[in-house]
1. Would you point out the residue of region A:166-224, among those that are over 28 Å from residue A:6 (Cα atoms), touching a residue at least 12 places away in the same chain (Cβ under 8 Å) and of a type in the set (S, T, N, Q), that is surrounded by the fewest Cβ atoms within 10 Å (Cβ to Cβ)?
2. What do you reckon, is residue A:237 modelled with pLDDT under 75, closer than 25 Å to residue A:53 by Cβ and aromatic (Phe, Trp, Tyr)?
3. Only one of these is in contact with a Phe, Trp or Tyr (Cβ under 7 Å, 6 or more places away or on another chain) and surrounded by 21 or more Cβ atoms within 10 Å (Cβ to Cβ): A:593, A:602, A:570. Name it.
4. Residues that are within 14 Å of chain B (Cβ to nearest Cβ) and within 21 Å of residue A:690 (Cβ to Cβ): which strands (runs of 3 or more DSSP E) entirely in region A:623-666 hold 1 or more of them?
5. Being more than 9 Å from chain B (Cβ to nearest Cβ) and in contact with a strand residue (DSSP E or B) (Cβ under 7 Å, 6 or more places away or on another chain) is the filter here; which residues of region A:679-693 pass it?
6. If you take the residues in region B:17-42 that are away from chain A (no Cβ under 14 Å) and among the hydroxyl-bearing types (Ser, Thr, Tyr), which one is farthest from residue B:130 (Cα to Cα)?
7. Can you name every residue in region A:635-692 that is in contact (Cβ under 8 Å) with a residue 12 or more places away in the chain and among the charged types (D, E, K, R)?
8. Suppose the filter is surrounded by 15 or more Cβ atoms within 10 Å (Cβ to Cβ), within 30 Å of residue A:23 (Cα to Cα) and of a type in the set (Lys, Arg); does residue A:361 pass it?
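The values are calculated or read from the model by the stated rules, or taken from the named source; none is laboratory data. Just so it is clear, the structure is predicted and the values come from calculations on it, not from any experiment. Neighbour counts run over all protein chains shown; Cβ positions are idealised from the backbone, glycine included.
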Amino acid sequence: MTGTNSIRETFFQECEELLEALFEGLADIEAGVSEDETINAIFRAVHSIKGGAGAFGLDPLVQFAHKYETVFDAVRSHTLEISPDVLGVLQRAGDQLSDHVEAARDERTLNEGADAAVLSALGDLLGGDDADDEPEGEFVFDAVGIGFDPIVVDDAPVSTGGGYKIKFTPTAAMFLNGHDPKAIFALLREVGDLEITLDHSSIPPLAQFSLEEAYLSWDLNLTSEASEAKVRDAFEFVEGLCAIEISEVEADGSAGAPPLSIDPPASNVAEEIVKPAPTPTAEVAKAPAPIAPTPIAPAESKKDKSASSPKATLRVDLERVDRLINTAGELIINQAMMAQHIEELSLPRGSAIAVDLESFKQLAREIQEGVMSIRAQPVKPLFQRMARIVRETCDISSKQAKLVTEGEMTEVDKTVVERLADPLTHMIRNAVDHGLEDPQTRLDAGKSEVGMVRLTAAHRSGSVMIEIADDGGGLNRPKIRDIAIKKGLIPADAELSESEIDNLLFMPGFSTAETVSNLSGRGVGMDVVKNAISALGGRVTIQSVPGEGTTFSISLPLTLAVLDGMVIKLADETMVVPIASILETIRPMPNDLQKLAADGDLLSIRGTYVPIVDVAERLGLRSRRERFDDMVLLLVETETGGECALAVDDIADQRQIVIKGLQDNYGQISGIAAATILGNGKIALILDTDALAASNQDRSVEISNVRNRKEQLDVAEAR
Amino acid sequence: MLQKQDSSDSSNLEFVAFLLGEQSFCIEITQIREIRRWSPVTILPHSPRHVMGVINLRGAVIPILDLAAILGFDSIEPSERHVIIIVQIGEQICGLLVDSVSEILSVRPDVVQDTPSLSHERGEQSIQGVIATEMGMTRLINLDLISAIPGNEAA
């Protein structure tokens with residue numbers, strides 16, 4: 001049933017947003033900036049998850065969410081004060097809730113032990129008041145139950161007192177959102193005595209019956225002295241999803257006031273909570289579960305309700321966006337080609353066409369930027385997940401740590417955000433597990449026993465900087481060096497600078513943990529982190545001060561579709577090198593160049609010797625050059641943190657280029673990252689500097705050893 | 001299946017016939033995206049002999065294959081007179097360099113004969129079948145095999 005599946009998908013998408021809102025609220029509470037509205041927002045988020053889960057028959061999720069919701073209800077009604085301990089439980093339960101959502105999405109079952117532990121912790125918060133421990137009967141129903149028989153719920157006798165006459169007609173969208181009329185009736189019952197009559201007159205003959213429509217409506221007689229606002233509050237969650245007519249009934253039973261339009265202010269938050277109906281035996285007929293893939297409407301109505309995200313948003317298929325991005329890329333290329341052709345005409349300066357072209361160029365670039373920004377997403381959800389990683393790591397490593405995040409609204413390309421999750425998780429774990437000392441050591445060193453991990457994001461000149469900083473003991477360089485020697489990664493007599501030692505962490509097969517803990521050292525080393533970031537066109541650097549802490553800085557491109565490139569000439573071919581990977585360009589003087597044995601060439605730069613890679617030879621474009629003094633050398637960093645000079649014929653230009661994958665129609669080529677299209681319409685290949693530099697390493701082992709021995713100066717990194 | 005309707009018999013198959021190394025070959029018209037004149041390519045490093053390079057086809061990077069080399073002829077020295085046939089094989093698009101395009105054939109499906117088996121023929125597997133024409137014989141290229149040759153598989 002594709003219809004159901006797409007609704008399911010929408011539900012889980014919404015769950016993600018709701019969980020985000022939940023964690024945002026929890027973070028606000030932690031930061032001490034919470035208001036009543038924060039709790040309300042959290043409550044609504046959990047409640048919406050519960051409601052949706054109920055519609056899909058996801059019982060474990062419903063049960064957990066219910067318990068969780070009950071606790072927030074207690075907080076809301078101020079019967080439970082939030083202390084740090086309570087907050088801890090709430091956060092853990094939030095983690096568990098997101099696990100539940102994930103498990104439900106993947107149709108797995110969760111580890112019951114963890115679940116029970118969290119549930120009992122939540123139960124403890126509620127004290128002995130476990131009266132409503134049972135999951136609400138009204139939420140446990142199967143998703144496609146169809147009850148055609150009208151049942152009059154007559155558990156409340158008709159009263160002669162004043163009250164309201166309510167005509168309640170849900171739309172299909174209301175059921176789509178997982179709302180249950182029973183929940184509303186239960187709320188109304190708290191306001192007063194309720195008499196419910198089902199109006200099923202609009203159900204068509206079976207032949208015309210559509211599963212996607214809602215046909216039922218209810219006539220409600222509410223006997224209550226409560227204010228009309230109270231009555232409307234019951235409908236808060238379904239606002240906009242149903243037609244409601246409320247008319248006041250005088251004590252004598254006649255309709256007094258004219259029908260009231262239902263448009264309560266959004267801030268008017270219900271004080272009533274969903275509690276189990278006093279008589280759960282009441283079986284109210286439900287409209288057939290509507291099935292209609294209309295994801296946008298419910299999403300937006302949800303949005304409107306949530307005060308924390310007032311901006312209207314649109315959910316768009318990613319493929320459509322990517323197609324648009326592609327076309328915008330074409331536009332840029334096309335514009336460059338036109339510019340070139342017009343230049344060839346050698347028109348007089350200031351001619352109309354040149355002016356037009358200039359504004360066209362401007363527009364094309366604006367379109368390109370606008371389109372790229374569609375894919376941009378704040379790193380906030382990613383950072384929120386890291387808070388959980390810190391909590392879990394603390395639990396296992398019995399350390400105390402606090403995560404401080406900054407710049408959460410910094411926007412990065414969606415793919416970058418997605419692919420950053422794993423490396424970042426690993427680095428955060430490392431920061432807590434390896435970076436921070438245990439509480440006693442910290443106290444001895446005169447620090448607070450709670451360690452601090454700072455996660456910051458910021459835009460910096462066309463790239464995004466993400467920093468993971470801990471205030472721990474800093475890198476233990478002698479230990480790192482010993483391990484590297486023991487593992488045969490470096491020769492025992494190698495003399496390394498501090499930054500070179502730090503960079504040993506990124507070598508494949510390196511792990512500093514002496515005991516492989518549960519967290520780190522699960523086979524994913526920092527080399528994987530580095531590779532993942534390089535694959536995104538970024539780079540990682542380490543700064544570490546003994547006793548003060550370690551900072552890992554990740555610099556990432558804003559987008560993956562466009563990059564700043566240096567256009568170079570190589571054996572009659574035009575190629576592009578990403579500027580991000582070039583540390584320095586050098587026109588060598590003859591005495592900067594040194595030979596090493598038959599086919600080794602070294603560049604002398606500020607006292608060190610750097611191996612030279614003849615790119616043209618490596619790509620098989622021509623045989624190896626004997627001399628490099630008429631070439632340009634591009635100094636790049638190798639994956640292991642060393643440096644390497646790529647020899648190219650000349651530098652032609654520097655420009656923004658649109659990346660075109662080679663994989664679709666051809667495949668991977670070693671040494672080539674991708675392709676691009678130049679202004680003349682020809683294709684230029686983009687060099688993969690990491691691969692080119694790495695290809696040098698097999699043959700340059702001896703060279704680098706010599707280099708290490710020769711290296712007398714402790715040279716700081718070129719940057 | 002076929003877009004053209006001018007044919008008297010709509011069940012007919014249509015093929016584009018072209019010349020390569022003085023032999024006639026053909027490709028089913030539904031697999032052909034377009035036919036264009038040779039234009040200089042960007043050479044790919046470490047590519048096999050039959051991969052000439054890539055061209056820019058309205059923003060897409062398309063590899064150009066030397067069909068002659070695949071079929072075991074001498075490689076063509078490309079010039080302005082040569083023609084590139086852009087074909088779509090599954091999700092993949094590539095260009096095939098040929099000498100010249102000769103005609104469009106419309107034949108009944110049963111006219112396509114199985115390739116006679118020749119134990120020593122090098123390019124035999126690349127030929128899916130043969131079609132007798134007034135001019136002699138044309139050989140139907142097996143594009144699936146071309147997409148599967150080394151150096152050309154999509155990553």
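1. That would be A:197.
2. Yes, satisfied.
3. None of the other options fit; the residue is A:602.
4. Answer list for region A:623-666: A:643-648, A:650-658.
5. Result: A:686, A:687, A:688, A:689, A:692, A:693.
6. For region B:17-42, the residue satisfying everything is B:30.
7. Listed by number, the residues that qualify are A:637, A:639, A:643, A:649, A:650, A:653, A:655, A:660, A:682, A:688, A:690.
8. Against the criterion (surrounded by 15 or more Cβ atoms within 10 Å (Cβ to Cβ), within 30 Å of residue A:23 (Cα to Cα) and of a type in the set (Lys, Arg)), residue A:361 does not qualify.
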